[in-house]
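Contents: one structure, followed by commentary.
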Amino acid sequence: MIPAEFTTFGSTAPSIYKLAAMQVTTEADSAAYSGYLLKAIVSGSAATGFMYLASAIADYNLRLKPGATYTFSVWVKGSAAHVVGVRLRFVNSSGSVTEAVVGAVSVTTTLSRQSVVITAPTNLVSTCCLVLFTQNTAALGTTWFDGFMLEAQVGASAEPSAFVPGPSSRQIAAQAIAVDALDTKVTQQGAKIESEAKRTDGLYTSVGNANSAIQDETTARATADSALSTRINTAQAKANEAAAAVQSEVTARADADTALGKRVDTVQSNLGSTNASVQQISTAQTGLNNKVNASYSVRLQVVNGNQYVAAGFGVGVENNGGVLQSTFAVMADRFAVLNPSGNGFVSPFAVQNGQVFLNEAFISKATITNAVVGSTLQSAQFTNFGEPVLTVNFAWGEMIARHPTMANTYTKFDRNGIDVVVSGVRRVRMGIW
């Protein structure tokens, strides 16, 4: 878990935050993992020497699980026998910086591997860094280190695993953590008693600029006359500027007057200034005085730079003045009904730019205030000779009424006048010609 630059060493010491009166260098040694030991010297006026396995006082480069146990190990020797104290520096749950003593290792004048089991403080929020007091009490001397390693304790064993250098936090930081927290409480204010249980489960991973998380938050609360339960499931993934998230939120609430069930499902993705989201909301509510409603809606939106487009639909039933009414509404630039046909689709019905387009329609009765007809109208009734009894050609300004049983018999009104033809012989002609 410790970054590689603080586990093994080369000819130059890494950047380390330390006591000002302390010297930290490296020294060649054939027994060292990489050929060099980290050398920490406390000299001058007597002092308690300390150094961080971090480049700065706020370089929190470890992610530990609160309350979990870990095995800390290191190859170490000293100019004299002494004890090295092990501490963790972190921001606690109240937002304050804390430094906690978690263990100590004994140092002899011979290079040997020492280990100690440490417990991460329960008030640790997420990240921390290791602090070593090379002279655990005020004293002078030199301490050599190599092969720092921190690993999760397996079972009851305090023995460390075979040494493996950690990943470099400056090149790529890889971490994984699992959280499982349960909290229950019962409170009383006057005669009101409230009980609550809350559970949080989470999985968190990160490698460099990529990270992912799955979190489940569940809460149940009850009093003498009300009950509430909520559950929020979230899955997130991020890599550089690309991010995606899926969240489901469920709420159930009941009291003396109302009962409510609600579910919100959200899917979203982001890349720079471009993002897209889909949200579904289901709600059912009942209450006194015949208050009842149910609704379901879907909303989609896309933002691409300065362009914003939204679409969606909703269906609902509500009590309006004692009358139950249902509504189905659609929000879209273009709305179409698609019918599968062969290997594709046809759209018999569409709405676009405030206009309705129909490929073909059968209307039993229609009331039309204003109509604009671009081509022809014809009757459903045909003559014995296969022609419509009535044809109106709006483009030409012509109307023809045909006799249903007599061939070549019709009356025609057009822009030039009126023609009456019986059995192919013109009987009447009025107008211009």
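Answer yes or no: is there a residue in the range 311-320 that is within 22 Å of the chain's Cα centre (by Cα) and either under 20 Å from Val278 (Cβ atoms) or touching a residue at least 40 places away in the same chain (Cβ under 8 Å) (or both). Checked against the condition, which is being within 22 Å of the chain's Cα centre (by Cα) and either under 20 Å from Val278 (Cβ atoms) or touching a residue at least 40 places away in the same chain (Cβ under 8 Å) (or both), the range 311-320 yields at least one hit. If you go through the range 284-310 and keep only what is more than 27 Å from Ala254 (Cβ to Cβ) and aliphatic (A, V, I, L, M), you end up with Leu300, Val302, Val303, Val309, Ala310. Within the range 64-73, at least one residue is under 16 Å from Val125 (Cβ atoms) and either assigned to a strand (DSSP E or B) or basic (Lys, Arg) (or both). Please pick out the residue among Ser229, Ser206 that is within 22 Å of the chain's Cα centre (by Cα) and closer than 28 Å to Gln188 by Cβ. One residue alone meets the criteria, Ser229. Quick one: in the range 200-226, of everything that is surrounded by fewer than 15 Cβ atoms within 10 Å (Cβ to Cβ) and among the aliphatic types (A, V, I, L, M), which residue is modelled with the highest pLDDT? Checked the range 200-226; the qualifying residue modelled with the highest pLDDT is Ala224. It is to be established whether one or more residues within the range 400-415 are out of contact with any Phe, Trp or Tyr (no Cβ under 9 Å at 6 or more places or on another chain), among the basic types (Lys, Arg) and touching a residue at least 12 places away in the same chain (Cβ under 8 Å). Looking through the range 400-415, at least one residue is out of contact with any Phe, Trp or Tyr (no Cβ under 9 Å at 6 or more places or on another chain), among the basic types (Lys, Arg) and touching a residue at least 12 places away in the same chain (Cβ under 8 Å).
Annotation note: of Thr142, Thr134, the sole residue that is in the same structural domain as Tyr17 (by TED's automatic domain parsing), surrounded by 15 or more Cβ atoms within 10 Å (Cβ to Cβ), within 30 Å of Leu53 (Cα to Cα) and modelled with pLDDT under 85 is Thr134.
Scanning the range 1-56 for residues that are touching a Gly at 6+ places or on another chain (Cβ under 9 Å), surrounded by 19 or more Cβ atoms within 10 Å (Cβ to Cβ) and among the small types (Gly, Ala, Ser) turns up Ala32, Ala40, Gly49.
The single condition among (1) part of a strand (DSSP E or B); (2) in the same structural domain as Thr200 (by TED's automatic domain parsing) that Ser326 does not meet is (2).
Of the strands (runs of 3 or more DSSP E) lying entirely inside the range 362-433, those containing at least 2 residues that are surrounded by fewer than 11 Cβ atoms within 10 Å (Cβ to Cβ) span 425-431. Scanning the range 154-178 for residues that are closer than 20 Å to Ala213 by Cβ, aliphatic (A, V, I, L, M) and either at pLDDT 70 or above or part of a loop (DSSP other than H, G, I, E, B) (or both) returns Ile172, Ala173, Ile177, Ala178. Considering only residues in the range 331-361 that are touching a Pro at 6+ places or on another chain (Cβ under 9 Å) and not in a strand (DSSP E or B), the one that is surrounded by the fewest Cβ atoms within 10 Å (Cβ to Cβ) turns out to be Glu360. Among the criteria (1) β-branched (Val, Ile, Thr); (2) within 19 Å of Ala100 (Cβ to Cβ); (3) over 46 Å from the mean Cα position of the chain (by Cα), the one Ile57 does not fulfil is (3). Quick check, is Val292 assigned by TED's automatic domain parsing to the domain that holds Ala239 and touching an Asp or Glu at 6+ places or on another chain (Cβ under 8 Å)? Against the criterion (assigned by TED's automatic domain parsing to the domain that holds Ala239 and touching an Asp or Glu at 6+ places or on another chain (Cβ under 8 Å)), Val292 qualifies. The sole residue among Arg253, Arg263 that is in a strand (DSSP E or B), modelled with pLDDT of 95 or more and among the basic types (Lys, Arg) is Arg263.
The values are calculated or read from the model by the stated rules, or taken from the named source; none is laboratory data. Since the model is a prediction, treat every value here as computed from it, not as a measurement. So basically every Cβ, Gly included, is an ideal-geometry build from the backbone, and we count neighbours across all protein chains shown.
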